[in-house]
Structure formats: structure tokens, C-alpha cells
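The values are calculated or read from the model by the stated rules, or taken from the named source; none is laboratory data. The shown structure was predicted, so the numbers you read here are calculated from the model rather than taken from an experiment. Because the Cβ atoms are built from the backbone with ideal geometry, glycine has one as well, and the counts that use them run over all protein chains shown. Calculation scope for accessible area: heavy atoms of the full protein, side chains included, ligands and nucleic acids excluded. Shrake-Rupley method; radii C 1.70, N 1.55, O 1.52, S 1.80 Å.
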Amino acid sequence: MSAHDTALVRARNVHKAFGPLEVLKGIDLDVVAGEVVVILGPSGSGKSTFLRCINHLEAIDQGSIEVDGEQVGYRLHNSRLDRLSNREITVQRRKIGMVFQQFNLYPHMTTLQNVIEAPVGVHGQNRKEAIRYGRELLTRVGLADKIDAYPRQLSGGQQQRVAIARALAIRPKLMLFDEPTSALDPELIGEVLATMRDLARQGLTMIVVTHEIGFAREAADRVVFMDDGNVIEAGPPGAVLANPQHPRTRAFLSRFI
Amino acid sequence: MTDATAAYVAGVARLPDDALRDVKRAHQPFPLVRVALWTLAFAVAAGFAYIVAVNPNFGWPVVAQYFFDPTVMQGLSVTLGLTVVAMILGIVLGLLLAISRMSKDRLASSLSGLFIWFFRGTPLLVQLIFWYNLSTLFPRISLGFASWETNDLITPLTAAILGLALNEAAYMAEIIRGGLLSVDKGQAETAEAFGMTRARALWRIIIPQAMKSIVPPTGNQLISMIKATSLVSVIAMADLLYSVQSIYNRTFEIIPLLMVAVLWYLLITSILNVGQGAIERYYSRGDRGAQNSAPEKLAATRAETADERA
């Protein structure tokens, strides 16, 4: 195996268009295992779309994405590239956890049922073990007393923490966060960010799309700034946030100071 | 918090009749109009019941005599059996039709659309007669490896089941499709992101949530199916209606025997209404708490999260 295999995620020249609208115009990005990458950028810059391409919720039009040494959605064999079947893509996604802006908990299941659904039903884990681990995760996100509650009985912040526990329950190699605090009331954002900071400290590989500059500053190993479908600046948060080089980055960040 | 502290905390003056104005001690006005309307409604209902009860033409003794008659019981069991079988087949086939109607595959969705178009677009009575007379179109049915005389396959029973089930499937397909569409798109996407197969996502995530909007119209369909089974009397299936007809053709007690059928139909639909209510409550279980999570409850959860952060 070659040197690039240390990267858990490799995106090369990723293009994506919705009809005539070009959303991604050639994204290159490496994420090494254990790294926390925060993607910042104005609305419509393509950051959520890029995140959704990583687990093939959106198919890309050009370029390639690899996660954990496998090309997402395709198989390269003797220099011939074949598209995977839907079922193979389904299997590929199973090492990636995802947290959504709108939480998307299953409303007809209790908190614990939400958390154990994928481990038991998709990964074929032993139910008892899944329940034990699910309780542990819910305790870790501070919701040990809400195990039997239905999502609608919880506040937005609690729902998002359940969603994080649900994503962790599959023991993912990579976690994707798609604007996890954007749908929350201001006073509930803190609890979710605190949970995410904990995960970052524990060495989980995370790609986070957010507008929370504070979180980027404290928790990110690297900040990637996207604008109009391109990565225009990337680097450690200290450099990019304190001393942005690109005028677009400067304009964007000035709104938060 | 006592009244006194409330007043001082807010820093407002208190007037002598504030206590008198406290809405807690208000008297309800007597609901004269409502009581009058209820009385009137009861009087009319009682009067009507009396007229029906004492009118000898209804032949209530005859109704009682035939209510549990073996022929009627036989007809009742045929009606119930046909309803259950046709409904189950209709729901299963309807689900498959709904899924293929929503599929991205053009062939599947077109075929499903064609089926729904045909079976919703023609009268059920015509479909039943058509199935019953299938042998005039195709005297023999062959599947390559074997073939049968159509008349051996199409008995009144199979014609009735085919007719009712295929017609029902077309309606159920639209009901189920509506239910599946009512589920937030984010749910399917989440299931996908978690590596669920499409079938599992449907079964575990989408359908349970769709049930909330599928159950009420399905209850409606079930009730109309019970009555639709009376159409099979035209192809000589001995259902409930056919059985009372066969009795009154002999005794000429038309009205009393129709009353027997009417009372049985009403009894069954009443039982089904109760069952439907229970199923609806089951599938809206995730909503509970949300409805009575009035401000206090929300405030309580807010307070808790605030504590946790502190």
C-alpha cells in the first residue's frame, strides 16, 4: 500500500451539478484518521452537498471520492471502473455515521430503539449487546433518563444528542455532521457542541459542516473554507480564522466578529 | 406564589374588586339552547324508534326468528370470509402496486399505473361478471407447463375473490401511496445513510409512519368492502344478502329479512369502528406527549437541559 492510504477520506476533483446549477467545481480534500475537519462557507457554497457526496447520498458527476481505501460507489479492478450495485453501495455506507440538520430521528421509536435500530437491523449485532452499548452512548450524551422517551417529547438539543448517539452506535470510522446546530434554538446549541467537542477529543474522525466559528476554533484540526463550489482556503483554525488570506474568507468571517 | 406576593413583585396596585373579578369564581350561564336542542333531538329519536318498533310491517318477530337462522349464518360467514380474504389480498397487492408506482423504474411505475387506471375505472359489478364469464373469452388457461379448463378454475368463489381483491388493490394502492408520500423525505434519506436496504427502510421506518394516514381510509375501504360483497350475489355466491333473498323468495317476508341483513351489516361495521380506533391510537404513539406537552412540559425540559449545561 502507498503513502496516500493514511488518508481516511480522499476527494479528488469532485464535480456535482443539479441540472444547469454547478454546485461543486472540483473539490480536492484529504482527511486523515482521527482528524476533525470543519467546513465553513456561505449558504449555497456547496458544503452540505459535498458532505452528502461522501456517503453517496448524492452521486458525483466527475472525479472520485475514497473512504477507508474504497472508492465510494465504484470499484476499480484491473484499470476498469465499475459502478457498484445499490446493495453494494448500501453496504459501503455502513462505516459512516451521519448527523442531520433536522435530526431525523425515527418518531415512532423511543430513544433507545432509535439508537439500536441500525446496529441490530443492519449490522446484525446481538440485541442485548446493542442495548447495553446504546445505553452507554445515551449516558455519554447526557440522556440516560430519556431512554424510553419518544423524540417529540424531547427538546431540539436533546433530539440532536440522541441523533449523535444513534450515529455513534454503528461504531463509525467517519462521522459526518450536516449543520447539526442550525435548526436549534440559540440556548440549546451549547449542549450539542459540547457533545461534539467530547467526540473530537476522543479521536473520532469528523467532518463538520457548520456556521459555528467558535466550534471550529476550539475543536477543529483543520478548517476548510468553501465558496461557490470551490475550496478557497484551508489550514489550521489558528491561521485561517485569525489571519484569512482570501478576500472572500475575510468577508465571511467579518460577519461573525 | 400567593396573591399578595404576586401583586408586590409586579409592583402594581391592587383594587378592592380584584378578588371579585377573579375568573376562578365565575358562574357558568345555564346552557338553555343546548339543553333544548338535546331534548328535542332525544324526543325525535324516541318518537322515530317508537314508530319503527310498533309498526307491524317491519315484522320484528320474523326478524328475531331468522336472525340466527342457519342459512343466514352461512351467508354471514361467506360475507365475512370474502371480506377478509379480498381485503388481505387487496392490501398486499396494493402495497406492491404503490411501491412500483413510486419506483424510479419507468416500466414498473407505468405497469402499476395501468393496473390502477383499469381497475378503478370500471364498475366492480362489471369486473365480477367479467371474471365469472372468463371461460367465454379463454376456454383454456395455459401456463406452458400445465393447462386447465377455465371453468374448473373459475368458480363463483374464485371469481368473487379475484374481482373483489383486484378492484380493492387498485384503491389500496392509491391510499398506501398517499401514506408513503406523507412521510418526511428526511426519514428515507436517514435510513439510506445508515446503510439500510430499501426494503428494510420501507418496512421499519417508512411504513410504520405512513400507517397513521393509511389506517383511516383503509377502515373506510373495509367497511365499503363488506357491503361490496353483496354484489357477488349476482354471480350466485351465497353471501349474507343472497341468503336472506333466498329465504324471502320462499316466504315473501321481504322487509323483515332485509332488516336481518341490515342489522348484521350494522353490527359488523360497528365492531370494525372500535377496532379501527384502537389501531389508530397504536400508530400515533409517537405523537403522545407532543399533544399534551403544553408550555409547562416544554419549560420543564428546557429547565433540565439548562441544569445539565450548568
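Between A:89, A:96, A:54, which is surrounded by 17 or more Cβ atoms within 10 Å (Cβ to Cβ), more than 24 Å from residue A:199 (Cβ to Cβ), within 13 Å of chain B (Cβ to nearest Cβ) and of a type in the set (A, V, I, L, M)?
Every option except A:89 fails the conditions.
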Residues that are more than 10 Å from chain B (Cβ to nearest Cβ) and touching a residue at least 40 places away in the same chain (Cβ under 8 Å), drawn from the range A:173-198: A:173, A:174, A:175, A:177, A:179, A:180, A:182, A:183, A:195, A:198
Any hit, the range A:139-156, residues being surrounded by fewer than 23 Cβ atoms within 10 Å (Cβ to Cβ), facing chain B (nearest Cβ under 10 Å) and free of Cβ contacts under 8 Å to residues at least 12 places away in the same chain: yes
From B:47, B:90, residue being without any contact (Cβ under 8 Å) to a residue 60 or more places away in the chain, open to solvent by less than 60 Å² (accessible area, probe 1.4 Å) and assigned to a helix (DSSP H, G or I): B:47
The range A:59-86: number of residues that are open to solvent by less than 50 Å² (accessible area, probe 1.4 Å) and not acidic (Asp, Glu): 10
When residues of the range B:202-220 are limited to those that are buried (at least 18 other Cβ atoms within 10 Å of the Cβ) and within 30 Å of residue B:75 (Cβ to Cβ), the one nearest to the other protein chains (Cβ to nearest Cβ): B:215
Close pairs from the range B:142-156: first touching a residue at least 40 places away in the same chain (Cβ under 8 Å), partner of a type in the set (Val, Ile, Thr) and outside any loop (DSSP other than H, G, I, E, B), Cβ under 8 Å, at least 6 apart: B:156/B:232; B:156/B:235
Conditions (1) open to solvent by 50 Å² or more (accessible area, probe 1.4 Å); (2) polar (S, T, N, Q); (3) in contact (Cβ under 8 Å) with a residue 12 or more places away in the chain: number failed by residue B:110: (3)
So residue B:256, is it farther than 28 Å from residue B:166 by Cα, more than 10 Å from chain A (Cβ to nearest Cβ), at pLDDT 85 or above and open to solvent by less than 50 Å² (accessible area, probe 1.4 Å): yes
Lone unmet requirement of (1) more than 30 Å from residue B:251 (Cα to Cα); (2) open to solvent by less than 60 Å² (accessible area, probe 1.4 Å) for residue B:155: (1)
Strands (runs of 3 or more DSSP E) contained entirely in the range A:66-105, each with at least 1 residues that are of a type in the set (Phe, Trp, Tyr) and over 22 Å from residue A:169 (Cβ atoms): A:74-77
Verdict on residue B:250 being charged (D, E, K, R) and within 21 Å of the chain's Cα centre (by Cα): no
Residues of the range B:237-253 satisfying the condition of being of a type in the set (S, T, N, Q) and surrounded by fewer than 18 Cβ atoms within 10 Å (Cβ to Cβ): B:246, B:249, B:251
Number of the condition not met by residue B:146 [criteria: (1) at pLDDT below 95; (2) among the hydrophobic types (A, V, I, L, M, F, W, C); (3) crowded, with 16+ Cβ neighbours inside 10 Å; (4) out of contact with any strand residue (DSSP E or B) (no Cβ under 9 Å at 6 or more places or on another chain)]: (3)
Index of the failed condition, residue B:234 passing every other in (1) away from every other protein chain (no Cβ under 14 Å); (2) surrounded by 17 or more Cβ atoms within 10 Å (Cβ to Cβ): (2)
For residue A:165: the one exception among (1) touching a Leu at 6+ places or on another chain (Cβ under 6 Å); (2) away from chain B (no Cβ under 14 Å); (3) at pLDDT 95 or above: (2)
Search result, residues across the range A:103-138 that are touching a Pro at 6+ places or on another chain (Cβ under 6 Å) and either within 11 Å of chain B (Cβ to nearest Cβ) or open to solvent by 40 Å² or more (accessible area, probe 1.4 Å) (or both): A:105, A:107, A:108, A:125
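Quick one: would you say residue B:38 is over 30 Å from residue B:165 (Cα atoms) and modelled with pLDDT under 95?
no
Suppose we keep only residues that are part of a helix (DSSP H, G or I), free of Cβ contacts under 8 Å to residues at least 12 places away in the same chain and facing chain A (nearest Cβ under 7 Å) within the range B:173-201. Which one would you say is farthest from residue A:99 (Cα to Cα)? Walk me through how you get there before you give the answer.
We begin by selecting, within the range B:173-201, every residue part of a helix (DSSP H, G or I); these are B:173-182, B:185-193, B:198-201.
Restricting the remaining residues to those that are free of Cβ contacts under 8 Å to residues at least 12 places away in the same chain gives B:185-186, B:189, B:192-193, B:198-200.
Filter again for facing chain A (nearest Cβ under 7 Å), leaving B:186, B:189, B:192-193, B:200.
Numbers: B:186: 11, B:189: 11, B:192: 13, B:193: 10, B:200: 20 Å.
Here the answer is B:200.
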Residue under evaluation residue A:48, criteria (1) free of Cβ contacts under 8 Å to residues at least 60 places away in the same chain; (2) open to solvent by 20 Å² or more (accessible area, probe 1.4 Å), criterion not met: (1)
Positions within the range B:230-258 being within 26 Å of residue B:156 (Cα to Cα), in contact (Cβ under 8 Å) with a residue 40 or more places away in the chain and of a type in the set (A, V, I, L, M), in sequence order: B:231, B:232, B:234, B:235, B:236, B:237, B:238, B:240, B:241, B:244, B:247, B:257
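Would you check which residues across the range A:24-45 are open to solvent by less than 10 Å² (accessible area, probe 1.4 Å) and more than 16 Å from residue A:223 (Cβ to Cβ) and list them? Walk me through how you get there before you give the answer.
Start the filter on the range A:24-45 by keeping residues that are open to solvent by less than 10 Å² (accessible area, probe 1.4 Å), which leaves A:24, A:27, A:31, A:36-41, A:45.
A:24 - this is the single residue of the range A:24-45 that is open to solvent by less than 10 Å² (accessible area, probe 1.4 Å) and more than 16 Å from residue A:223 (Cβ to Cβ).
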